[in-house]
Amino acid sequence: MGQFVSGAWALLLGLLLLMVGNGMQGTLLGVRGEIEGFSTAEMSFVMSAYFVGFLGGSRLTPEMIRRVGHVRVFAALGSFISAVLVLFPTITEPWVWVIARIVIGFGFSGVYVTAESWLNNAATNENRGKALSLYMIVQMVGLVAAQGILVLGDPSGFVLFIIPSILVSISFAPILLSVSPTPAFESSSSVSLKELFNTSPLGFVGVFLLGGMFAAQFGMSAVFGTMIDLTINQISMFVASFYVGATLIQYPIGWISDRMDRRLLILIVGGVSVFGGALGLAYGTRFEMLLLSALILGGTVNPLYSLLVAYTNDFVSSDEMAGTSGGMLFVNGLGAIAGPIVMGWLMTAYGASAYFMFQCFLMTVLCVYAAYRMTIRPAPNVEETGTYTPVSLASTPVAWEVAQEHDQQVAADAIEPENER
């Protein structure tokens, strides 16, 4: 692992700076929108637009890379991100922000695909799982650090928009100047949505619901904070709590999932998530309870996503995993696009409390459907299921493939000793 870090530190540093820049712009826009007088409905479309771009980038970037190469794609998309970040405070019109957020989402998706390709190329079969875990930690550290930087400036000015633009620009240097070779990039086959649903109905429904949950947390938490008159410091702490929870709880749940029926664990974790949302709904006037609610919600949503990925992989062969992952990413993206829009409509109609009501509803639906599926399909033998590998809700197809390659290697290592007996 030490050899991997020594060879990939520049890449990890660049990714960290990218995550700080991305984390800053998401929260900052939620606050600045309120200052500019944007309505909750308008901000919901602004926040949803990021996921439109992200989904498009995930699907189109691989072809761009094959045509012109990793370096050109990374530099071009990064330049667009840096330029658009300083456009937000310059033209404060909702429709301009919607277009800009589509560009931002497309750009970040593209640079993540490119950087994750390098990351996968730098890893070996022996350290791929640890490399993916380290990448997830870097992601979460960057998002949490971004919230701390927000308190250093005035959200009504230009400085806080210039900082992420600079960070994104600087992030290119360690990555593009790295001596790491440019990896090959091969396209993956895809499966139809009908085939995906037939393979794992719970996985299909679950990742759609979690797409809405993640988009609500990533895009609408700052909007919610402004609606209940939280200070910028409090909003930063509130948003950071989601990511801290995701980092702390991911691995314990992963350890448990390899030792029991994953659907039962999905039901339990989903129930805890409903409790976290109910906590915020009932005690939302107390800031410390808001932080606890965010910690629980963030700490359950990301592990649930990885659980659903692992559960779906239990029913597909190794050569079908890549196509399945592409389909699940698309379904998750649809949920992420719809999430902020539905939440924005609910918050406009019913007030800030709809923020937690919506999340409770989504998790309740997941729990009910998981319980229903347990009566329809027998659980796979625990000894025959694949391993749990943490995957972020912000992952691109490359990170999914890294996780699947790790799962396949673990399975192969487990079979070899049996064949030698």
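Just so it is clear, none of the values below were taken in a lab; they were calculated from the coordinates. For clarity, every value in this text was computed on a predicted model and none was experimentally measured. Cβ atoms come from the backbone with ideal geometry, glycine included; neighbour counts cover every protein chain shown.
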**Complete:** Under the rule rounded for a/c under 1.5, else prolate if a/b exceeds b/c, else oblate, using alpha carbon gyration tensor axes a ≥ b ≥ c, the range 40-94 is classed as oblate
**Prompt:** How long is the gain from W9 to E63 if the chain were fully straight, where each residue apart is worth 0.36 nm and the alpha carbon distance is subtracted?
**Reply:** 16.7 nm
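May I ask you to order 157-165, 308-316, 78-86, 193-201 by the average number of other C-beta atoms within 10 Å around their residues, highest value first? Don't skip to the answer; put the middle values down first.
Working: 157-165: 18.1, 308-316: 23.4, 78-86: 19.8, 193-201: 16.2.
By packing density, highest mean first, the sequence is 308-316, 78-86, 157-165, 193-201.
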**Gyration tensor verdict on the range 135-175 (Cα atoms; rounded if a/c is under 1.5, prolate if a/b is larger than b/c, oblate otherwise)** = oblate
**Linear extension gain, D229 paired with F197, 0.36 nm per residue minus alpha-carbon span** = 7.3 nm
**Request:** Report the dimensions of the range 189-249 along its three principal axes from the alpha-carbon atoms, largest first, rounded to Å.
**Result:** 47, 26, 21
